[in-house]
Structure formats: structure tokens, C-alpha cells
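Colleague: If you scroll down you'll find the structure; I have some questions about it.
Here, each number is a calculation from the coordinates, and none is a lab measurement. Since the structure is predicted, the reported quantities are computational estimates derived from the model, not experimental observations. Using ideal geometry, Cβ is built from the backbone for each residue, glycine included, and neighbour counts are taken over all protein chains shown.
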């Protein structure tokens, strides 16, 4: 278990914007004759991408895609001003991620796609093989990359065994564990600047997993909390890698960000009230 981190240090890491800053945009992922960027996509209510993926618009240019049969895992897609896409997390396995990427290509004609692995579990990294096939730039902390290499296979096999449907189970068993293309130091965090907009990747401390990070879009008042943030009325969920003793401190370290929109790893999107709700869920889970 990770040692207890003073609250002041966590808040400094969040508020001071420490980390690596990418000032220049990376070269375009697509050839020069790529189709022109698609106009802004508006979704009223829900859009069924296919029989498994459902998209909802949560803000202008921001969409939550839920991989329904695989624990209703959420992915956040944000369209930047230069038509790049930032994808937070991934669908649970390769086929679902391929389907997501096909939809992104046809709907947005993105200049490039950046995918951020939010933790080493499959709902953070399970789509990396499909991302690699499509030339997507995957980014994760060095801690996430190490945990994926050390424990990913055992976790994948355990996750597969939890599916009663043999077809779903087989799809999880086939997941190839692919490391991220780029890594950063979790303690320092990472700040990307894309078309003049900051995207901040922050590690507030161990919670759902030792390596869980959140992705903050300050200009949009939008936070992807991933699996460390619970939707209203949710259970604590999988705790095999959780740090229940430090989870509450990690959530409180996010409060100064004051986002208007908070996307949990599973379940309905909310606002900052999900912080307090998550703390209540964690406290209940700590009771013997």
C-alpha cells in the first residue's frame, strides 16, 4: 500500500498545474488528403452507436460513450478546437474499442486521437490493442504501465471468468495487453495543450486502484473521474486493488477543481455532488 500523502501535497499537485506541458501539437495522424473535419455533432438524449455502445452528449463537444454489456463502462470523448479527439479510458475489450473508433472516424473525421489510460484495469486499458491498430496515441502513467505488465494478465483472466455469457467471456479472454505509447510520472501529472486548451491528467492518490488518474478539462468545467468516482446510488464495486483508507482523501483532493460536470467510471453523469456521494459509499465500505 502507498504511504499516506499529506493533503497539502495533493492539493499543490492539483492546483499548481504541475506536470509536463505539451505546447506544440503532435503531427496530424491522418494524411494530408483526409476528409474535412465534420461539423459539431449534437446528440439529443441517447444515440445507439451499435447494439453495445450508447453515446450521450454531456456538454458542447463532449460525449460519454457507455459499453453496456461490459459493466456499463464509461468513456469520455472530447472534441478539441483543431478537430483532435481526447478519449478518456477505453471500452472494456478490443471489439468494442474498434466499434468506438469506427464511429469516431465517421462522425468526426478527427485530425488525431489521443487516448488516456486512466488505470490498469480493462476499463482503463482494455482497448489498447485496437488503439494501436488505428494509430491512436495512448498515454498512461508509468505506474499504470508497470501494473499492466505485472498484473494485467491475471486481472484479465479473472475479469473474463466473471462473465456468464460465453461470448462475452471469450472476448475478454482474447484481450491483448498492449502498453501505452507514452508515459508520464503520476506524481507530477501531465498537462497537454491542444489547440490552446489545457487537458490536465492528475493522480490525486490511491483510491479504486493505486494508479487511478482523473482527466480535467478546466475550460469546460468537465472532469472524467473514472472508477474512483461513483455514480449516485452505486455500490463500491470491485475493491481488489482499492485503498479504502486513502480513497476519501483522494476524492477530497479533487474538490478544489470545482467541476460542473463529473463523469464516473460507471453509471450516470453528475456534478460535484458525486464527490460527497463517493465518500459516503467508501465510508460505508470501510465499516466491518
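Colleague: Looking at the square roots a ≥ b ≥ c of the eigenvalues of the Cα gyration tensor of the range 35-191, which shape do they give, rounded for a/c under 1.5, prolate if a/b is larger than b/c, or oblate?
Modeller: On the way: a/c = 1.98, a/b = 1.24, b/c = 1.60.
Since a/c reaches 1.5 but b/c is at least a/b, the shape of the range 35-191 is classed as oblate.
Colleague: OK, next. Given a Förster distance of 45 Å, report the FRET efficiency between residue 106 and residue 245 from their Cβ-Cβ distance, rounded to the nearest 0.05.
Modeller: E(calc), rounded to 0.05, equals 0.45.
Colleague: Same structure again: In whole Å, what three semi-axes, largest first, describe the equivalent ellipsoid of the range 116-252 built from its Cα gyration tensor (square root of 5 times each eigenvalue)?
Modeller: Numbers: eigenvalues 119, 78, 39 Å².
Over the Cα atoms of the range 116-252, the ellipsoid semi-axes are 24, 20, 14 Å.
Colleague: At q = 0.08, 0.13, 0.14 Å⁻¹, what log₁₀ I(q)/I(0) does the chain have when each alpha carbon counts as one equal point scatterer in the Debye sum?
Modeller: Relative scattering, expressed as log10 I(q)/I(0), comes to -0.30, -0.83, -0.98.
Colleague: I've got another one for you. Along Cα→Cβ, 7 Å out, is where each label goes; now give me the distance between the ones at residue 81 and residue 260 in nm to one decimal.
Modeller: 1.8
Colleague: Under a crude label model (7 Å from the Cα following the beta-carbon direction), how far is residue 72 from residue 284 in nanometres?
Modeller: Result: 1.5 nm between the two label points.
Colleague: Nearest 5 percent is fine: what portion of the DSSP beta bridges confined to the chain is antiparallel?
Modeller: Numbers: 32 of 49 bridges.
Restricted to the chain, the bridges split so that about 65 percent are antiparallel.
Colleague: Could you order the peptides 199-208, 44-53, 133-142 from most to least packed, using the average number of other C-beta atoms within 10 Å per residue?
Modeller: Values: 199-208: 26.0, 44-53: 12.8, 133-142: 19.8.
Final packing ranking: 199-208, 133-142, 44-53.
Colleague: At a threshold of 8 angstrom on Cα-Cα distance, excluding pairs fewer than six apart, so keeping six or more, what relative contact order does the range 142-288 reach in percent?
Modeller: So the answer I get is 18 percent.
Colleague: Right, next: Between rounded, prolate and oblate, where does the range 102-165 land on the alpha carbon gyration tensor, with a ≥ b ≥ c its root eigenvalues, rounded for a/c under 1.5, else prolate if a/b exceeds b/c?
Modeller: Oblate, since a/c reaches 1.5 and b/c is not below a/b.
Colleague: What is the calculated FRET efficiency for residue 95 to residue 150, with r their C-beta to C-beta distance and R₀ = 35 Å, to the nearest 0.05?
Modeller: On the way: r = 25 Å, r/R0 = 0.73.
Working from the Cβ atoms, E equals 0.85.
Colleague: Given C-alpha coordinates of the range 224-288, what is the ratio Rg to Rh with the Kirkwood estimate of Rh?
Modeller: 0.93
Colleague: Show me 156-163, 63-70, 93-100 ranked by packing, highest mean number of other Cβ atoms within 10 Å first. Please list the in-between numbers first.
Modeller: On the way: 156-163: 15.9, 63-70: 21.0, 93-100: 22.6.
Taking the mean over residues of other Cβ atoms within 10 Å, the ranking is 93-100, 63-70, 156-163.
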